[in-house]
1. Within region 88-117, count every residue that is polar (S, T, N, Q) and within 16 Å of the chain's Cα centre (by Cα).
2. Take region 110-138 and flag every residue that is β-branched (Val, Ile, Thr) and either surrounded by fewer than 24 Cβ atoms within 10 Å (Cβ to Cβ) or in contact with a Pro (Cβ under 8 Å, 6 or more places away or on another chain) (or both).
3. Regarding Phe44, is this residue out of contact with any Leu (no Cβ under 6 Å at 6 or more places or on another chain) and part of a helix (DSSP H, G or I)?
4. What number of residues in region 169-194 are touching a His at 6+ places or on another chain (Cβ under 9 Å) and either hydroxyl-bearing (Ser, Thr, Tyr) or in a loop (DSSP other than H, G, I, E, B) (or both)?
5. Please find, among Leu84, Leu98, the residue that is surrounded by 14 or more Cβ atoms within 10 Å (Cβ to Cβ), closer than 27 Å to Val248 by Cα and among the aliphatic types (A, V, I, L, M).
6. Would you confirm, using the coordinates I've provided, whether Trp69 is under 18 Å from Val123 (Cα atoms), of a type in the set (Phe, Trp, Tyr), within 19 Å of the chain's Cα centre (by Cα) and at pLDDT 90 or above?
7. Kindly establish whether Ala125 is under 17 Å from Tyr210 (Cβ atoms) and part of a helix (DSSP H, G or I).
8. Just need a number here: residues in region 97-122 that are assigned to a loop (DSSP other than H, G, I, E, B) and among the aliphatic types (A, V, I, L, M).
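The values are calculated or read from the model by the stated rules, or taken from the named source; none is laboratory data. None of these values were measured; they are calculated from a predicted model. Using ideal geometry, Cβ is built from the backbone for each residue, glycine included, and neighbour counts are taken over all protein chains shown.
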Amino acid sequence: MGIISTRIHAISAYFGERMRYGLAIQQGCLDHEFLVIVDGVGGFQFAPVLIRRMLRLENSKIGTVYFPWQCGLMGEIFTDLMWLRRNRRMGAKLAEHLLRLRQNYSKAKLHLVAYSGGVGITVFALESLSISINIESFIMACPALSPTYNLAPALRKVRRAYALISKGDYGILGVGTTILGTTDRKHCAAAGMKGFRLPLPITAEDKTEYAKLKEIRWDPSQKTLGHTGGHTGWASGQWLARHFLPIVAGKPLLHCYKIHASHDNSEDTTGYKS
């Protein structure tokens with residue numbers, strides 16, 4: 001499948017799922033295990049719709065909650081991306097929401113899944129949490145943060161974290177964020193394209209937190225599952241069905257890579273199976 005046909009298939013699946021099943025804030029049972037999903041800019045709720053579609057088709061019992069943080073009308077991507085003060089406030093609101101969910105479902109496994117600009121909102125939320133609330137995993141799909149943003153304060157609140165990275169995401173997270181800026185307002189290629197790097201200088205304590213984070217990088221072999229490397233490729237039905245739930249469980253089927261301090265870790269070959 002090419003980039004255009006893959007995009008058309010994803011959009012078709014999105015509209016079909018949304019028209020048939022709607023977009024309730026909460027879906028499924030949260031008593032045992034659930035995902036809190038934070039979509040990217042624009043308010044389209046692309047990630048929650050397609051993740052829920054995959055869970056339904058796979059007969060998964062995992063419940064979902066989506067957190068709407070976007071500003072104004074659907075499609076206001078520039079406001080969502082650029083309004084840092086508001087985005088930090090929405091991160092604080094997400095933190096409050098996570099606390100309520102943990103209180104109401106104290107025995108359930110809680111996972112965070114964020115896409116693109118929503119990664120920034122979720123990182124801001126984790127930073128603002130004053131206590132640990134036992135978050136199993138944090139999955140960052142195409143993070144629109146700058147590569148050296150210090151994730152350590154956020155990583156302290158989770159057991160493990162994964163970042164889905166693609167050097168093929170040069171349109172949105174390369175040219176786009178260089179011109180318009182990342183969620184943390186740096187004008188550069190975002191981490192979702194370049195990968196995260198250890199911020200320097202870094203304390204030994206923060207470096208320990210970064211050990212929780214592994215990158216899962218796109219490569220051409222994933223084209224067979226509909227992931228052609230672009231900004232929405234990870235949401236291909238086949239890719240999600242094959243790889244998403246193992247990542248949530250902390251047992252990814254794709255190679256994982258450590259985060260390094262190198263100025264360019266794109267050629268790093270120290271991958272290993274988690």
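1. Going residue by residue through region 88-117, those that are polar (S, T, N, Q) are 103-104, 106, 116.
Filter once more, keeping what is within 16 Å of the chain's Cα centre (by Cα): 116.
The total comes to 1.
2. Start the filter on region 110-138 by keeping residues that are β-branched (Val, Ile, Thr), which leaves 113, 119, 121-123, 131, 133, 135.
Result: Val119, Ile131, Ile133, Ile135.
3. Values: out of contact with any Leu (no Cβ under 6 Å at 6 or more places or on another chain): yes; part of a helix (DSSP H, G or I): no.
Against the criterion (out of contact with any Leu (no Cβ under 6 Å at 6 or more places or on another chain) and part of a helix (DSSP H, G or I)), Phe44 does not qualify.
4. Residues in region 169-194 being touching a His at 6+ places or on another chain (Cβ under 9 Å) and either hydroxyl-bearing (Ser, Thr, Tyr) or in a loop (DSSP other than H, G, I, E, B) (or both): 4 in total.
5. Values: Leu84 fails: closer than 27 Å to Val248 by Cα.
That would be Leu98, the only listed residue that is surrounded by 14 or more Cβ atoms within 10 Å (Cβ to Cβ), closer than 27 Å to Val248 by Cα and among the aliphatic types (A, V, I, L, M).
6. Spelling it out, Trp69 is indeed under 18 Å from Val123 (Cα atoms), of a type in the set (Phe, Trp, Tyr), within 19 Å of the chain's Cα centre (by Cα) and at pLDDT 90 or above.
7. Values: under 17 Å from Tyr210 (Cβ atoms): no; part of a helix (DSSP H, G or I): yes.
Against the criterion (under 17 Å from Tyr210 (Cβ atoms) and part of a helix (DSSP H, G or I)), Ala125 does not qualify.
8. At the first step, the residues of region 97-122 found to be assigned to a loop (DSSP other than H, G, I, E, B) are 105-108, 116.
Going one step further and asking which of them are among the aliphatic types (A, V, I, L, M), we end up with 108.
Residues that pass the stated criteria total 1.
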